[in-house]
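Here it is, the structure in full.
Just so it is clear, none of the values below were taken in a lab; they were calculated from the coordinates. Worth saying up front: this structure is predicted, and the values here are computed from it rather than measured. A quick note on method: Cβ atoms are made from the backbone with ideal geometry, for glycine too, and the neighbour counts reach across all protein chains shown.
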């Protein structure tokens, strides 16, 4: 679904990866959806300003702008290698706090314009209504926990992977899972390239199909034994499932607002 880039990276000597490396992206985004369905907006107006959603989008864009500056300064690759999540490196150096920090920092790194725009667009379309029900602080905690769960599943599935994983889509996948539980019948106005017009699609159809695609490709990557860079399918699936579980827990704790 996503795109792959090659980079010559200077990794820490302890890891000693080959000089050419793919990046594994968590990308929900525009580049994927142009070959499938792209959500444009939902018929589900939020009642409160999505402050945290906008702050998260701003943070992702700001970090990407910094990455662009580093690219021109020829310092991009060491930066990405240091702050991306590398399963093999994390497990090999589990007692190194800097490696555990990458479980958080990788969520704010992106590999290209379409990558960051796609993730931020999904965050905007689905995030503002989830934030409306959770409140800004709980929404931020929910977002980060979904991203952590997504990263955990990807590491469990690919513990020996030397591929740096970057992208916000594990966290955003959690938002999709929460949206499915909160607004299953909301209409998602969707651009379907092979139909051309904008088509309203019920959220439960759009999101269930999306999850099935992630799980199908995730199992395909396991059966095919592929280790090259590309899409972190299991991060998507793990984030989505974590979002549903976390939303159910938030409901039980009385943290979900009524409309």
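Most exposed first by the Cβ proxy, i.e. fewest other Cβ within 10 Å, how do 185, 190, 53 rank?
Going from sparsest to densest Cβ surroundings: 185, 190, 53.
Can I ask one more? Over all distinct alpha-carbon pairs, what is the Kirkwood Rh of region 29-252 in angstrom?
For region 29-252, the Kirkwood estimate is 17.8 Å.
Counting only the backbone N, which residues of region 118-161 are under 16 Å from the spot 7 Å out from the Cα of residue 253 toward its beta-carbon?
The answer is 131, 133-149, whose backbone nitrogens lie closer than 16 Å to the label point.
Treat region 116-214 as a sphere of radius equal to its Kirkwood radius over Cα pairs and apply Stokes-Einstein at 10 °C in a medium of 1.306 mPa s; give the translational diffusion coefficient in µm²/s, rounded to a whole number.
108 µm²/s
Dividing the convex hull volume of the Cα atoms of region 42-165 by its residue count, what figure in Å³ per residue is obtained?
113 Å³
Treat the count of other C-beta atoms within 10 Å as a stand-in for reagent exposure and order 236, 106, 115, 93 from fewest to most.
Neighbour counts put them in this order, fewest first: 93, 106, 115, 236.
Compute the Kirkwood hydrodynamic radius of region 109-169, taking the inverse of the mean of 1/r over all pairs of distinct Cα atoms, and give it in Å to one decimal.
Result for region 109-169, one decimal place: 13.0 Å.
For a quick check: sort 212, 141 by the number of other beta carbons within 10 angstrom, fewest at the front.
212, 141
Between residue 51 and residue 79, what is the spin-label point distance in nm, taking each point 7 Å from the Cα along the Cα→C-beta axis?
Each label point lies 7 Å from its Cα, and together they span 2.9 nm.
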